[in-house]
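Inspection log for the structure reproduced underneath, given as structure tokens.
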Amino acid sequence: MVHSESTKYEAVAAELRARVHLMQPDESLPTERRLAEEFTVSRTTVRQAIRALIAEGLIYNVQGSGTYVAPPGLVSKTLRLTGFSQDMRQRGLVPSSRILVLETVAATGDIAAKLGIPAAGKVFHVWRLRAADGAPMALEHVWLPEAVAVAVHFQMEQSLYDQLEAAGYTVARAAETIDAVNVDA
């Protein structure tokens, strides 16, 4: 018998995860109400299980329509700190990068504040095209304090987080802004 709420939602998530692997992309899952009845749990427990599978990229929700099986390779981002390379490898894709700009510049006030360096301090700026299995996926801007960049001697085609870790740095937080755009040539 299931007793705690966290155990209940984990059990429902595990069952749904197994079902999703047998379903077709974009196939509809039963409604929250129906799942709650089937598993004899509250709709809140079902919602928590669904949120967990959405975070894993296994399903997606369309407001007012329902919950569906995610197509393979659907891009999603969990709340835990991971880099592009790790995200792509978790999806079974091969990450790659092409450097567009590599420069040392004076930090803007906003960048300096976020990096905890003096205003107009030197930062290492990298702008790169990120790809998965050769398909362009993202344009990425990275700013690092110059002292970190000099100490690490980066290979910008490789995972930045892996290189920082290998050099003894721990990435504790990052700020990401993601915009979906149509691309041209």
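The values are calculated or read from the model by the stated rules, or taken from the named source; none is laboratory data. Note that the coordinates shown come from a computational prediction; the quantities given were computed from them, not determined experimentally. Cβ: placed from backbone, ideal geometry, glycine included. Neighbour counts: every protein chain shown. For the accessible areas, the whole protein counts, side chains as well, though only heavy atoms, and no ligand, DNA or RNA atoms are used. Shrake-Rupley method; radii C 1.70, N 1.55, O 1.52, S 1.80 Å.
In the range 114-140, the residues that are of a type in the set (Asp, Glu) reach residues that are modelled with pLDDT under 85 with C-beta atoms within less than 8 angstrom, at least six apart or across chains, in these pairs: Asp133/Leu93; Glu140/Phe84.
Going by the structure shown, is Ala185 at pLDDT below 85, aliphatic (A, V, I, L, M), within 17 Å of Leu100 (Cβ to Cβ) and not in a loop (DSSP other than H, G, I, E, B)?
Details: at pLDDT below 85: yes; aliphatic (A, V, I, L, M): yes; within 17 Å of Leu100 (Cβ to Cβ): yes; not in a loop (DSSP other than H, G, I, E, B): no.
The answer is no for Ala185.
Under 7 Å by Cβ, and 6 or more places apart or on different chains, what pairs join a residue from the range 39-62 that is within 12 Å of Arg17 (Cα to Cα) with one that is part of a helix (DSSP H, G or I) and open to solvent by 60 Å² or more (accessible area, probe 1.4 Å)? These pairs meet every condition: Leu53/Arg17; Leu58/Arg17.
Of the residues making up the range 112-123, at least one is more than 20 Å from Thr82 (Cα to Cα), in contact with a strand residue (DSSP E or B) (Cβ under 7 Å, 6 or more places away or on another chain), open to solvent by 30 Å² or more (accessible area, probe 1.4 Å) and not charged (D, E, K, R).
In the range 87-98, is there at least one residue being within 20 Å of the chain's Cα centre (by Cα) and on the phi > 0 side of the Ramachandran plot? There is at least one residue in the range 87-98 that is within 20 Å of the chain's Cα centre (by Cα) and on the phi > 0 side of the Ramachandran plot.
The residue that is most open to solvent (accessible area, probe 1.4 Å), counting only those in the range 48-66 that are β-branched (Val, Ile, Thr) and closer than 25 Å to Leu93 by Cα, is Ile54. Residues that are open to solvent by 40 Å² or more (accessible area, probe 1.4 Å) and either modelled with pLDDT of 90 or more or small (Gly, Ala, Ser) (or both) were ranked within the range 84-99; the one that is nearest to Glu140 (Cα to Cα) is Ser96. Of the numbered criteria (1) farther than 30 Å from Pro30 by Cβ; (2) assigned to a loop (DSSP other than H, G, I, E, B); (3) open to solvent by less than 50 Å² (accessible area, probe 1.4 Å), the one Pro71 fails is (1). Residue-level check: of (1) modelled with pLDDT under 90; (2) closer than 30 Å to Glu146 by Cα; (3) surrounded by 11 or more Cβ atoms within 10 Å (Cβ to Cβ), Thr104 misses just (1).
Based on what the data block shows, is Asp162 more than 24 Å from Gly116 (Cα to Cα), acidic (Asp, Glu) and either out of contact with any strand residue (DSSP E or B) (no Cβ under 9 Å at 6 or more places or on another chain) or assigned to a loop (DSSP other than H, G, I, E, B) (or both)?
No: the conditions fail for Asp162.
With respect to the conditions (1) crowded, with 16+ Cβ neighbours inside 10 Å; (2) within 21 Å of Thr82 (Cα to Cα); (3) at pLDDT 85 or above, Leu129 lacks only one, and its number is (1).
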